[in-house]
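Below is one structure, written out as structure tokens, with a few remarks after it.
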């Protein structure tokens, strides 16, 4: 508290209900924390209706003395809690939450409903990376993804996931076997599973042969397995056993629609017996499509089989559990050891920029800063006048690119602030004079020019950082160049990144196939891109004064990568928050 509903503990040694709720939830192995007292009342009532057992319920209110992070630590050590549920409206200390959740999630699943997805409160930003990350919920998604937290969209979905993970193991893969006594629900279930990223494989030859031997001739034994409406409880028993033994299947969804002769209670009893025999090797979910809801046999059995009213709900819960199972199955994330970092030199560059006042680093400073962290910045020179630009081109040699420098000039290409494939000092000098006149006529009189060596063609991406006041440095990777705002294809993680984080970020992009040799093009050096992400993350962790950083575009080649354009904005680091509510 203050401003909370109170607490409940169903531990037999405690038996405490210090709430205003008219009901006490049944005892069980789920810990629940809510930031909303009113929702807490509904949660306790709904848990009773589902027969969902609670070990502890805590309404945290304004979190003056106990925070959600404290509760995670408590539930980690609590032998009476196996699953943790959270309703969050805000974070106190999200980086601390991430550290604790990564540790707790290895042994106990954490599922969350986080409200406040609206972009209304997003702050204004002036960089491409800031525009991609602001006004969205991607930062919270990134935190949960990295920490192995299961994010659900609704409270109902949260309960669906909780019922599954409280009584069944997370699946070891994404392959689902569907058993039904009617074709339509089986098809709906298959569609919902695939929409959620699950797979519906054909059953093995042996499993299909065994099913043909026990089911009516009209039954379909591929997947979904349609036993047809005449299926008896014994048909369910044999089919569950055969499908569960198929090595092509990681999880089962068993659907029952009440026909005239077969009773739901008898089918539920068979399910419980078969699930007991599986001994938690594979999760089994049931769908009883009936106005009477879940049979009491499933609610009260010692071995609970989670049950849902519709196949789509079962598919969503199973998909959330499968993603959690994949995360838990990976080895613990370790930060890489990066070589060749010149941290003191980088800090001096930022300090010099801040001494001039808050704002953007010069192109020369930005390039030097990135080079301190081993990032592949293209060879470049900064010139104050067209004549100096011509001399810079002669120093660099070969073909060069010319770019205008002016306060507020972000979209250089559209405004005529970029010229490519120039050669020789005289051509560059003349191009700089023309560019200066053009930019001045459009309200951006140039303060200088950037002359860069031309780099080979490649896939253009954006790599960047925004320093979020709550979450700290947020690293982004996405489609770059002129496609940034058009495609808005971006993946985000919180710094510090691990090698696993960098790999996932790149492979999550819709444009990732362009890096692997799309339509006969040569494959790009994905490892170089991943290393660049790790080095940018390290830079952002070391230098909290970096408010925004854009490497756009970073051009990825068959071998190596090159940062063609970079912008960095620095601000004084914020002091630690004053004492107050628990964080």
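FYI, it's all coordinate maths here, none of it is from the lab. Just so it is clear, the structure is predicted and the values come from calculations on it, not from any experiment. Neighbour counts run over all protein chains shown; Cβ positions are idealised from the backbone, glycine included.
Numbers for the structure displayed
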item: Alpha-carbon centroids, segment 430-460 and segment 179-225: separation in whole Å; result: 62 Å
item: Hydrodynamic radius of segment 493-583 per Kirkwood, over alpha carbon pairs, in Å; result: 15.2 Å
item: Percent of beta bridges antiparallel (DSSP, the chain, rounded to nearest 5); result: 60 percent
item: Structure-derived Cα extents along the principal axes in Å: which label, when the choices are (i) 94, 72, 62; (ii) 84, 67, 50; (iii) 93, 60, 42; result: (iii)
item: Crossing angle, helix 138-147 versus the chain [Cα axis fit, 0-90 degrees, rounded to tens]; result: 60 degrees
item: Centroid-to-centroid separation of segment 307-360 and segment 542-561 [C-alpha atoms, Å]; result: 16 Å
item: Centroid-to-centroid separation of segment 240-267 and segment 462-526 [C-alpha atoms, Å]; result: 42 Å
item: Rg followed by Dmax, in Å, when segment 176-329 is reduced to its Cα trace; result: 14.1, 44
item: Residue 339/residue 427 FRET efficiency (R0 41 Å; Cβ-Cβ; nearest 0.05); result: 0.55
item: Packing-based order for 230-236, 316-322, using average beta carbon neighbours within 10 Å, highest first; result: 316-322, 230-236
item: Inverse of mean 1/r across different Cα pairs in segment 244-310, Kirkwood, Å; result: 12.3 Å
item: Helix 264-278 axis, angle to the chain major axis (alpha carbon atoms, nearest 10°); result: 60 degrees
item: Length-normalised contact order for the chain - Cα pairs under 8 Å, 6+ apart - percent; result: 12 percent
item: Along each principal axis, Cα extent of segment 6-163, largest first, Å; result: 56, 31, 30
item: Structure-based [θ]222 nm, the chain - -39500 (n - 2.57) summed over DSSP H runs of at least 4, per residue, nearest 500; result: -11500 deg cm²/dmol
item: Estimated inter-spin distance, residue 454 and residue 77, nm [label 7 Å along Cα→Cβ]; result: 6.6 nm
item: Theoretical FRET efficiency, 1/(1+(r/R0)^6), r = Cβ-Cβ of residue 516 and residue 355, R0 35 Å, to 0.05; result: 0.20
item: Semi-axis lengths, Å, segment 379-454, gyration tensor of Cα atoms, sqrt of 5 times eigenvalues; result: 19, 11, 10
item: Sites residue 187 and residue 394, calculated FRET efficiency, Cβ-Cβ separation with R0 60 Å, nearest 0.05; result: 0.30
item: Order by protection proxy (mean Cβ within 10 Å, highest first), peptides 222-228, 337-343, 409-415, 299-305; result: 222-228, 299-305, 409-415, 337-343
item: Rg/Rh (Cα only; Kirkwood hydrodynamic radius) as it applies to segment 22-95; result: 0.96
item: Rounded to 10°, Cα long-axis angle of helix 386-396 versus longest principal axis of the chain; result: 70 degrees
item: Listed peptides 84-90, 108-114, 249-255 by packing density, highest first (mean Cβ within 10 Å); result: 249-255, 108-114, 84-90
